[in-house]
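Before any comments, here is the structure.
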Amino acid sequence: VKKKGSKYEKQAAPVNKTAVLGAGIMGGGIAYQSAYKGTPILMKDIKEEAIQLGLKEARKLLAKQVERGKMTTEKMAEALSNIRPSLSYGDFGEVDLVVEAVVENPKVKDAVLTEVEGVVGENTILTSNTSTISINRLAQNLKRPENFCGMHFFNPVHRMPLVEVIRGEKSSDAAVAATVAYARKMGKTPIVVNDCPGFLVNRVLFPYFGGFSALVDHGADFERVDKVMEKFGWPMGPAYLLDVVGMDTAVHAQAVMAEGFPERMAQDGKTAIDAMYENERLGQKNAKGFYRYE
Ligand code: NAD
């Protein structure tokens with residue numbers, strides 16, 4: 001964990017204008033957080049509906065800050081004006097840092113990163129919010145891989161303080177420094193980690209989910225396990241957390257972890273989480289997972 005004033009931040013070039021690619025769950029949250037903390041951000045998507053949803057969510061979150069008395073309506077208007085929605089790369093020439101947050105598909109990410117690299121300035125830092133794709137792998141097609149690193153936020157962005165800054169083999173100190181500085185500017189706690197399957201958080205979280213799944217496979221009641229973990233002091237138990245993460249995301253990330261660490265993470269047959277996924281119990285995103293959400 002790098003403390004304030006670490007070697008990274010001393011080298012950080014100013015990050016005053018940014019952009020996010022994708023206005024979905026994560027892109028919308030990143031735009032809100034950046035705008036709320038005062039850094040202007042272009043929010044680009046390929047779908048107008050996605051942009052409208054992203055803006056609606058940002059407006060809702062800002063209105064909550066006003067309701068709570070943490071912000072005036074003038075400040076809210078100012079924050080909202082920090083988000084500039086766009087369907088094109090029009091103003092990307094002036095941004096200092098880009099966060100790519102499009103769908104988790106390596107081919108789409110490759111195409112988008114190549115496109116954006118062609119329109120930004122030579123010193124612009126490119127980052128990816130990928131959860132499971134290797135940063136070294138994404139850097140392969142870039143002309144300036146030294147300007148690229150991971151910037152992994154957690155969902156929901158406005159509530160989760162941690163940001164993993166992933167240093168690829170070719171990432172420069174300057175790229176890492178600027179990303180760390182931007183995360184701090186957004187009010188987040190950045191940690192710098194090396195590129196590996198699961199980065200840091202998911203390397204801890206997925207063995208935990210595996211342990212939970214094995215308990216359920218052996219007949220444990222998931223609600224009781226959740227209650228036990230809450231009594232242990234965790235804010236929520238594993239079943240509820242899996243409902244938040246989404247079973248599709250969990251199954252995909254588990255597969256990536258198993259491929260990366262076969263000796264520790266390979267599964268023996270289907271698990272309770274696989275069964276949930278196959279029965280389309282995805283969690284909060286489709287209102288039924290371990291729990292029901294009416
Ligand atoms: P999402 O499906 O909600 O949003 C993706 C958005 O990308 C959509 O609005 C889509 O229209 C847009 N898009 C697709 N192609 C595009 C292009 N060429 N240019 C611009 N926009 C494009 O997905 P999400 O959940 O926000 O995930 C985005 C990224 O964040 C993924 O890499 C995911 O792994 C990562 N992530 C997700 C979570 C999570 O819990 N949802 C957490 C951490 C990281």
Residue check for D217: under 16 Å from Q267 (Cα atoms), charged (D, E, K, R) and without any contact (Cβ under 8 Å) to a residue 60 or more places away in the chain: yes
Test of understanding: among Y208, Y182, which residue is away from the ligand (no atom under 16 Å from the Cβ), among the aromatic types (F, W, Y) and under 19 Å from A31 (Cβ atoms)? Y182
Residues of segment 227-245 that turn out to be of a type outside the set (V, I, T) and in contact (Cβ under 8 Å) with a residue 40 or more places away in the chain, as a count: 4
When you check R84 against the structure, is it more than 25 Å from A13 (Cα to Cα), more than 9 Å from the ligand (Cβ to nearest atom) and free of Cβ contacts under 8 Å to residues at least 60 places away in the same chain, yes or no? no
Only one of (1) more than 23 Å from the chain's Cα centre (by Cα); (2) at pLDDT below 95 is not met by M276, so which one is it? (2)
Flag if K75 is at pLDDT below 95 and closer than 15 Å to S34 by Cα: yes
In segment 188-208, what residues are farther than 13 Å from F261 by Cβ and out of contact with any Ser or Thr (no Cβ under 9 Å at 6 or more places or on another chain)? K188, T189, I191, V193, N194, L200, V201, L205, Y208
Taking I166 as meeting all but one of (1) surrounded by 24 or more Cβ atoms within 10 Å (Cβ to Cβ); (2) away from the ligand (no atom under 13 Å from the Cβ), write down the number of the exception. (2)
Output the residues belonging to segment 143-163 that are away from the ligand (no atom under 16 Å from the Cβ) and either surrounded by fewer than 24 Cβ atoms within 10 Å (Cβ to Cβ) or not assigned by TED's automatic domain parsing to the domain that holds G187 (or both). K143, R144, P145, E146
Tell me yes or no: at least one residue of segment 109-116 is more than 16 Å from the ligand (Cβ to nearest atom), touching a Lys or Arg at 6+ places or on another chain (Cβ under 9 Å) and modelled with pLDDT of 95 or more. no
Residue set G93, G69; condition farther than 24 Å from H252 by Cβ, more than 16 Å from the ligand (Cβ to nearest atom), touching a residue at least 24 places away in the same chain (Cβ under 8 Å) and in the same structural domain as V157 (by TED's automatic domain parsing); output residue G93
Give the residues of segment 275-289 that are closer than 16 Å to A253 by Cβ, surrounded by 17 or more Cβ atoms within 10 Å (Cβ to Cβ) and of a type outside the set (F, W, Y), sorted by residue number. M276, L282, G283, G289
Identify all residues within segment 248-266 that are of a type in the set (D, E) and more than 20 Å from the chain's Cα centre (by Cα); write none if there are none. E259, E263
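The values are calculated or read from the model by the stated rules, or taken from the named source; none is laboratory data. A quick note: this is a predicted structure, and the numbers were derived from the prediction, not measured. So basically every Cβ, Gly included, is an ideal-geometry build from the backbone, and we count neighbours across all protein chains shown.
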